[in-house]
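Computed from the coordinates by the stated procedures, all read-outs in this text should not be read as laboratory data. Remember, predicted model here, so these are calculated numbers, not experimental data. Here the Cβ is made from the backbone with ideal geometry for all residues, glycine too, and neighbour counts use every protein chain on show.
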Amino acid sequence: MSVRLIVDADGCIGSGECVAEDPQAIEIDDSGCARVLIGAMDEARAQHLCDVCPVGALTIEH
Ligand code: SF4
């Protein structure tokens, strides 16, 4: 199932674990906040990114 990955811009601390895990799906923008690069992704891929974020700044939208 395809889902959208959402970044909480206030919660993201720019630590980069998400980018290290899946640089094709997410990057750090000029303001130091994560930005999702693809509109829809497999739920398991999105969940993995949520799991690696140390501050819970990523969530899944079904
Ligand atoms: S792992 Fe979380 S806090 Fe770190 S850059 Fe990614 S979304 Fe932001």
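Taking one equal scatterer on every alpha-carbon of the chain, how large is log10 of I(q)/I(0) by Debye at q = 0.14 1/Å?
The Cα Debye sum returns log10 ratios of -0.30.
For the stretch 31-46, in order, what is each residue's ³J(HN,Hα) by Karplus, 6.51 cos²θ - 1.76 cosθ + 1.60 with θ = phi - 60°, in whole Hz (x at glycine and Pro)?
In residue order, the calculated couplings are 8, x, 10, 5, 9, 6, 9, 10, x, 9, 9, 4, 4, 5, 5, 5 Hz.
How would you rank Met41, Met1, going from fewest to most other Cβ atoms within 10 Å of each one's own Cβ?
Details: Met41 21, Met1 8.
The fewest-first ordering by Cβ neighbours comes to Met1, Met41.
Got a sec? How would Ser2, Ser15, Ser31 order by Cβ neighbour count within 10 Å, fewest to most? Write down the numbers at each step before the final one.
Details: Ser2 12, Ser15 16, Ser31 9.
Going from sparsest to densest Cβ surroundings: Ser31, Ser2, Ser15.
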